[in-house]
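Computed from the coordinates by the stated procedures, all read-outs in this text should not be read as laboratory data. The model shown is predicted, which means the values in this text are computed figures rather than measured ones. Backbone-built Cβ (ideal geometry, glycine too); neighbour counts: all protein chains shown.
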């Protein structure tokens, strides 16, 4: 862990900011741009403390401590890092600032936060602190997606070294190599009292607009108290043609969004989603491996406070 303190004499009431980053964040870009980050944050905060973290546990420890001792906690990283911060920061009144430096940055895409350091810093300096919804799954939280089925494991099985070299294309390579044979699994979904029972190859519970860089949930919002559910249905024992058509359905979903009109794509919306399925079904939380089996997903209103761009729908 490395700790750097920057101070400014501007202003009477001292505003304090904590900036957290991983040494390899953004392929080392963040470490190289620390002077810029420190200088820009010092325009708003008279004290800027900078900490380089080495693990998710260390990051979450600093977030928890920072929420009670600083006026803002700023961090860099991708969607997985955002998920780690969410576990430690949910429910706090202290605003978070986010510099998206990951591979895809779906949270930033969903909120309109620029995916470059200068632009993201401008949001922290001149944007608004908005209370946003997140999703509660047992004792865990997720910000933008809870998912299971086709290709979803690629987000957490793709090697970091491959992502550093290939960027977002690494996920596609991992999916082609290891995820082309879609598993069919049973689903019983209850969404605010409306129930359906089917078999499927993919299910999304969405709080954000972007998935894998595609605006799948274009009309979604992170502060409306609602979640969207998308299911690609499949026969329990599909023949070859039925298997092949699911690739087309998956492509249609990513290209045209969850409003696409296809008989095998089911959509629902609600505040509480109960999903019964088999014990071996693995769930993805914001691109990280989550729990297995049946789950309950609830929209938590305004549970995280984040700097977002002014004048943009979140």
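How large is Rg/Rh for the stretch 2-133, to two decimals, with Cα atoms and a Kirkwood Rh?
0.92
Divide, for the stretch 222-283, the radius of gyration over alpha carbons by 2.2 N^0.38 Å, where N is the residue count.
Here the answer is 1.30, to two decimals.
With a point put 7 Å past each Cα toward its Cβ, work out how far residue 64 is from residue 194 in nm, to one decimal.
4.0
For the chain, modelled as a Gaussian network with Cα springs under 10 Å, which listed residue fluctuates most, 19, 182, 204?
Evaluated over the chain, the most mobile residue of the options is 182.
Just to confirm the number: angle between the C-alpha axis of helix 56-69 and the first principal axis of the chain, 0 to 90 degrees, nearest 10?
Approximately 50 degrees, to the nearest ten.
Which parts of the stretch 27-51 would a label at residue 125 reach, counting a residue when its backbone N lies under 17 Å from a point 7 Å out along Cα-to-Cβ?
Correct set: 33-49.
Give the angle, between 0 and 90 degrees and rounded to the nearest 10, that separates the Cα long axis of helix 240-256 from the longest principal axis of the Cα atoms of the chain.
For helix 240-256, the angle is close to 30 degrees.
Would you calculate the volume per residue, in Å³, of the smallest convex hull containing every Cα atom of the stretch 185-314?
Working: hull volume 15.7 nm³, N = 130.
Each residue corresponds to 121 Å³ of Cα convex hull volume.
Does anything in the stretch 106-130 have its amide N under 19 Å from the 7 Å Cα→Cβ label point of residue 13, and if so which residues?
From the stretch 106-130, the list is 125-130.
Can you give me the relative contact order of the chain as a percent, contacts being Cα pairs under 8 Å and 6 or more apart?
Reported relative contact order: 21 percent.
May I ask for the Kirkwood hydrodynamic radius of the chain, worked out over all distinct Cα pairs and given in angstroms to one decimal?
Radius from the Kirkwood sum: 20.2 Å.
What angle, in degrees between 0 and 90 and rounded to the nearest 10, separates the Cα long axis of helix 79-89 from the longest principal axis of the Cα atoms of the chain?
70
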